[in-house]
Amino acid sequence: MSNRRVNLPYFDEILAELEDQNEDMETVFGKHIHWGYWEDPKKAEGTYEDFRRATELLCEKVWSLGKIKENDFVLDVGCGFGGTLSSLNEVFSSLKMFGLNIDQRQINRAKKIVKAEGENQIDFVQGSASKLPFKDNYFDVVLAVECIFHFPDRDEFFREVQRVLKPGGYFAISDFVISFQLPGSMNPFFKGPGIPFYGNIQLCRFQKYKDLASKFNFEILEVEEITDNVLPTYPIVKNIFSKNKVGHFLTLVAQISQLTKIIRYKNISFQKK
Ligand SMILES: C[S@@+](CC[C@H](N)C(=O)[O-])C[C@H]1O[C@@H](n2cnc3c(N)ncnc32)[C@H](O)[C@@H]1O
């Protein structure tokens, strides 16, 4: 598959800065490209190093919901630079892991920086969340950390996860959920070229996840509301993208949306029935 449909301007910027060996970018988004989690947001230090630890914590919270155990087959969809699998690689020793990403450039970096330890096996493949290149009933756990809002269609993705998961398998995600539904024709984020900087984004209400669970035969196991715990992310992201006025402004809009709870951040886990 070609990169034709990839519209992720912020990744162009992150990749260019990493290529230029920008150490701050390496610290902030060199491993994980998602928001941070602070158990006590008042204790956030406001440094890039503190943010990096917080991104590690966020990914651990999501994969913990997947109830992963040794010898499991694990798929991470929208795997970025392989940060989530790298985190699992540090904790487990006999997992079979696949990372899937639409963007070949990210796959190339993941392959370069993440090397399997012990008996772990890791493979990174390019492909779409809407058409997972794996057999039916193959995985024990599927993860999707802070990426579903980019996918063209949540129904297609859930259908695919249902297909590739073994019966009883776990599916854990993190996502931004919106408090109200914009009518399709008014959704400025997703159709056509998407928004500047952040590209194609489609937010949904939490109700959509309840509907998806019932439509595709999943049980919702846990829901963690962590909106306040991720808020210290925003000053860091505004800072790291300070040269990009549009990126800075849109991150401010997202910050205000979360401060006012128009947008919430949730970790959600499902089990295939
Ligand atoms: C915010 S990043 C999160 C990356 C990674 N999960 C992490 O937490 O570090 C969103 C990711 O979704 C990927 N993505 C976007 N659309 C996709 C699609 N249709 N299929 C697979 N991956 C996609 C992007 O390339 C990017 O790696």
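Could you pull out the residue among 156, 119 that is open to solvent by 30 Å² or more (accessible area, probe 1.4 Å), in contact with a Ser or Thr (Cβ under 7 Å, 6 or more places away or on another chain), under 22 Å from residue 70 (Cβ atoms) and of a type outside the set (Val, Ile, Thr)? Write out each step before concluding.
Numbers: 156 fails: under 22 Å from residue 70 (Cβ atoms).
From the options 156, 119, the qualifying one is 119.
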Residue count, region 102-156, condition touching a Phe, Trp or Tyr at 6+ places or on another chain (Cβ under 7 Å), outside any loop (DSSP other than H, G, I, E, B) and among the polar types (S, T, N, Q), comes to 1
Specify which of the listed residues (65, 85, 58) is open to solvent by less than 70 Å² (accessible area, probe 1.4 Å) and more than 13 Å from the ligand (Cβ to nearest atom). 65
Select, from 177, 223, 141, the only residue that is in contact with a strand residue (DSSP E or B) (Cβ under 6 Å, 6 or more places away or on another chain), away from the ligand (no atom under 14 Å from the Cβ), open to solvent by 60 Å² or more (accessible area, probe 1.4 Å) and of a type in the set (A, V, I, L, M, F, W, C). 223
Set 40, 72, 20: member being more than 11 Å from the ligand (Cβ to nearest atom) and touching a helix residue (DSSP H, G or I) at 6+ places or on another chain (Cβ under 9 Å): 40
Might you check whether a residue that is of a type outside the set (Ser, Thr, Tyr), more than 14 Å from the chain's Cα centre (by Cα), at pLDDT 95 or above and in a loop (DSSP other than H, G, I, E, B) occurs anywhere in region 1-10? no
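Which count do you get for residues in region 88-100 that are open to solvent by less than 10 Å² (accessible area, probe 1.4 Å) and either among the small types (Gly, Ala, Ser) or near the ligand (Cβ under 9 Å from one of its atoms) (or both)? Break it down into steps so the answer makes sense when it comes.
Our first condition is that a residue be open to solvent by less than 10 Å² (accessible area, probe 1.4 Å); within region 88-100, this holds for 88, 95, 97, 99-100.
Still in the list and also either among the small types (Gly, Ala, Ser) or near the ligand (Cβ under 9 Å from one of its atoms) (or both): 99-100.
Residues meeting the conditions: 2.
A quick yes/no check of all residues on (1) touching a residue at least 24 places away in the same chain (Cβ under 8 Å); (2) more than 22 Å from residue 150 (Cα to Cα); (3) part of a helix (DSSP H, G or I):
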| residue | (1), (2), (3) |
| --- | --- |
| 26 | no, yes, yes |
| 67 | yes, yes, no |
| 79 | yes, no, no |
| 85 | yes, no, yes |
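The values are calculated or read from the model by the stated rules, or taken from the named source; none is laboratory data. Bear in mind that the values here come from a model prediction, so they are computed numbers and not experimental data. Neighbour counts run over all protein chains shown; Cβ positions are idealised from the backbone, glycine included. Accessible surface areas use protein heavy atoms only, side chains included; no ligands, DNA or RNA. Shrake-Rupley method; radii C 1.70, N 1.55, O 1.52, S 1.80 Å.
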